[in-house]
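The values are calculated or read from the model by the stated rules, or taken from the named source; none is laboratory data. What you see is a predicted model; the values in this text were computed from it and never measured. For neighbour counting, all protein chains shown are included, and Cβ atoms are generated from backbone atoms with ideal geometry for every residue, glycine included.
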Amino acid sequence: MKDVHNSSEGFGHDPDGRLFDPAVREAMTRFTGGEDILALETAAAVRTAFHAVERMRSHGSEGRGLSSGALDLLIRLSASPGDGVSIGDLAQAAGVSSRNVTGLVDTLEREGLARRVPDSRDRRSVLARITPAGQEWLDAFRRPTQAAMAAVFRGFTPDDLTRLRHLCLHLAANQQRLTRYLTQNPPPTPSPSP
């Protein structure tokens with residue numbers, strides 16, 4: 001494992017020693033015509049980091065037929081109260097559509113990891129609940145996932161991780177505010193050309 005952490009393949013270092021992706025920097029410089037690229041370069045770095053974490057996180061689920069979305073849903077179901085969670089509540093918590101969650105629950109049901117149950121408080125509603133097999137699957141997946149995340153975040157201090165978490169959630173909060181603003185203030189529709 002030691003050799004895995006000895007290189008930063010494809011990355012360069014700024015004069016202050018901070019990592020950057022030369023290919024992204026060049027592409028963004030061309031894209032903007034030489035204007036400020038820091039926000040665009042940072043967005044690309046966030047995407048790169050997201051994909052790196054997701055690849056490691058889902059590595060242990062390979063061959064088990066679970067996408068990262070299904071895995072997230074299974075984790076949410078394991079933390080929910082015994083009665084289960086509505087599809088709408090799961091969708092809202094995960095920040096995805098109810099249709100997306102319905103498909104993920106279908107996948108989990110096919111694998112025997114979750115099931116739909118009637119809502120005792122509302123006959124029209126159905127809840128999703130983790131099965132004992134789903135909990136066993138998560139229990140077996142937990143240690144490899146913790147080891148993978150420890151390896152990905154090797155060299156990060158607890159303060160680094162806390163700051164990174166804060167910055168990621170700050171970014172997400174900005175996006176949510178912007179989405180609300182754009183929903184309430186849609187841009188004007190351009191007039192058709194004569």
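Quick grid of which residues meet (1) loosely packed, with under 15 Cβ neighbours inside 10 Å; (2) at pLDDT 85 or above; (3) assigned to a loop (DSSP other than H, G, I, E, B):
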position: A27; (1), (2), (3): no, yes, no
position: F31; (1), (2), (3): yes, yes, no
position: G34; (1), (2), (3): yes, yes, yes
position: A39; (1), (2), (3): yes, yes, no
position: V46; (1), (2), (3): yes, yes, no
position: F50; (1), (2), (3): yes, yes, no
position: M56; (1), (2), (3): no, no, no
position: R64; (1), (2), (3): yes, no, yes
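Which residues, counting only those in the range 148-170, are assigned to a helix (DSSP H, G or I) and either surrounded by 13 or more Cβ atoms within 10 Å (Cβ to Cβ) or at positive phi (or both)? Scanning the range 148-170 gives A148, M149, V152, L164, C168.
Selection of the range 89-106 for residues being of a type outside the set (S, T, N, Q) and in a helix (DSSP H, G or I) yields D89, L90, A91, A93, A94, R99, V101, G103, L104, V105, D106.
Residue pairs whose Cβ atoms lie under 8 Å apart, sitting 6 or more positions apart in sequence or on different chains, and linking a residue in the range 168-184 that is within 12 Å of V46 (Cβ to Cβ) to a partner that is modelled with pLDDT of 90 or more and part of a helix (DSSP H, G or I), are C168/V46; L171/V46. Of everything in the range 121-147 that's of a type in the set (K, R) and surrounded by 12 or more Cβ atoms within 10 Å (Cβ to Cβ), which residue is farthest from L71 (Cα to Cα)? Going through the qualifying residues, I end up with R129. Of everything listed in (1) of a type in the set (G, A, S); (2) in a helix (DSSP H, G or I); (3) surrounded by 15 or more Cβ atoms within 10 Å (Cβ to Cβ), the single unmet condition for S80 is (2).
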